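Down below is the structure, laid out as structure tokens.
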Amino acid sequence: MLKLILLLFIVAIAVFLVYIALKSADFRITRSRSIQRSPEAIFALINDLHGFNRWNPFAQNDPPCAPGRTCPQTGIGANYAWSSTGKSGQGRMEIIESSAPSLVKMRLEFVKPFSAKNTAEFSLVPTATATTVTWSMTGRNSYMHKLMGTILNFDKMVGGEFVKGLANLEALVER
């Protein structure tokens, strides 16, 4: 009887690990907010990484550039690296596409606590009375990330930070 229980346990673990392996590696996390300002006013606080880090919740506890490093400030090629002993870990961000006043794309390279390469995208769509700002992140999960994602809800965790950031952006731009 004990052997049967052990065998069933091993089969259950094997089925679970195969399930993880077969899950899609691609992910997309997206949040949007309507802000009562022009796309141009909002775009300026996304396309300028110094302005970006005034409202970016991921950078609020970390300096945007290592001491002594010169960082381009705006547009394509603007970048910074971060290193934190806290939640932010270590990585690098660079603007790879900038189309005023409607789109900014950034390459995100995470080193610690886990290695990952993702893309962040900010789209700005004017409406009759406001601008809809959409913050998205796309990428591919490694097997370990897929495994962790069955336990942790990354969409909820990261999406929650996106919601905070968009609220911060709205407060800053509507002052």
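With under 17 Å from N53 (Cβ atoms), at pLDDT below 95 and either surrounded by 15 or more Cβ atoms within 10 Å (Cβ to Cβ) or in contact with a Leu (Cβ under 6 Å, 6 or more places away or on another chain) (or both) as the only criterion, which of E161, E170 stands out?
The conditions single out E161.
Given (1) surrounded by fewer than 18 Cβ atoms within 10 Å (Cβ to Cβ); (2) modelled with pLDDT of 90 or more; (3) in contact with a helix residue (DSSP H, G or I) (Cβ under 9 Å, 6 or more places away or on another chain); (4) part of a helix (DSSP H, G or I), identify the lone condition not met by I20.
I20 satisfies all of (1) surrounded by fewer than 18 Cβ atoms within 10 Å (Cβ to Cβ); (2) modelled with pLDDT of 90 or more; (3) in contact with a helix residue (DSSP H, G or I) (Cβ under 9 Å, 6 or more places away or on another chain); (4) part of a helix (DSSP H, G or I) except (2).
Could you tell me which of the residues T131, T138 is under 23 Å from N53 (Cα atoms), surrounded by 16 or more Cβ atoms within 10 Å (Cβ to Cβ) and in contact (Cβ under 8 Å) with a residue 40 or more places away in the chain?
T131
Output the number of the condition that I29 fails; it satisfies all remaining conditions of (1) modelled with pLDDT of 90 or more; (2) surrounded by fewer than 17 Cβ atoms within 10 Å (Cβ to Cβ); (3) within 17 Å of T119 (Cβ to Cβ).
(2)
Can you tell me which residues in the range 106-122 are over 19 Å from A25 (Cβ atoms), surrounded by 18 or more Cβ atoms within 10 Å (Cβ to Cβ) and without any contact (Cβ under 8 Å) to a residue 60 or more places away in the chain?
Within the range 106-122, M106 is the sole residue that qualifies.
What are the residue pairs meeting all of these: first residue in the range 33-62, first residue within 21 Å of E97 (Cα to Cα), second residue among the aromatic types (F, W, Y), Cβ atoms under 8 Å, and 6 or more apart or on different chains?
Correct list of pairs: L45/F52; L45/W55; I46/F52; I46/F122; L49/Y80; N53/Y80; A59/F52; A59/W82.
Just for the range 118-133: of the residues that are of a type in the set (V, I, T), modelled with pLDDT of 95 or more and more than 14 Å from S99 (Cβ to Cβ), which one is nearest to the chain's Cα centre (by Cα)?
T119
Among the residues of the range 37-53, is any closer than 22 Å to F162 by Cβ, in contact with a Lys or Arg (Cβ under 6 Å, 6 or more places away or on another chain) and either at pLDDT 85 or above or not acidic (D, E) (or both)?
Scanning the range 37-53, I find no residue that is closer than 22 Å to F162 by Cβ, in contact with a Lys or Arg (Cβ under 6 Å, 6 or more places away or on another chain) and either at pLDDT 85 or above or not acidic (D, E) (or both), so the answer is no.
Checking W82 against (1) at pLDDT below 90; (2) under 20 Å from K146 (Cβ atoms), which test does it fail?
Status for W82: all satisfied but (2).
The values are calculated or read from the model by the stated rules, or taken from the named source; none is laboratory data. Remember, predicted model here, so these are calculated numbers, not experimental data. Heads up, the Cβs are rebuilt from the backbone with ideal geometry, glycines too, and the neighbour counts pull from every protein chain shown.
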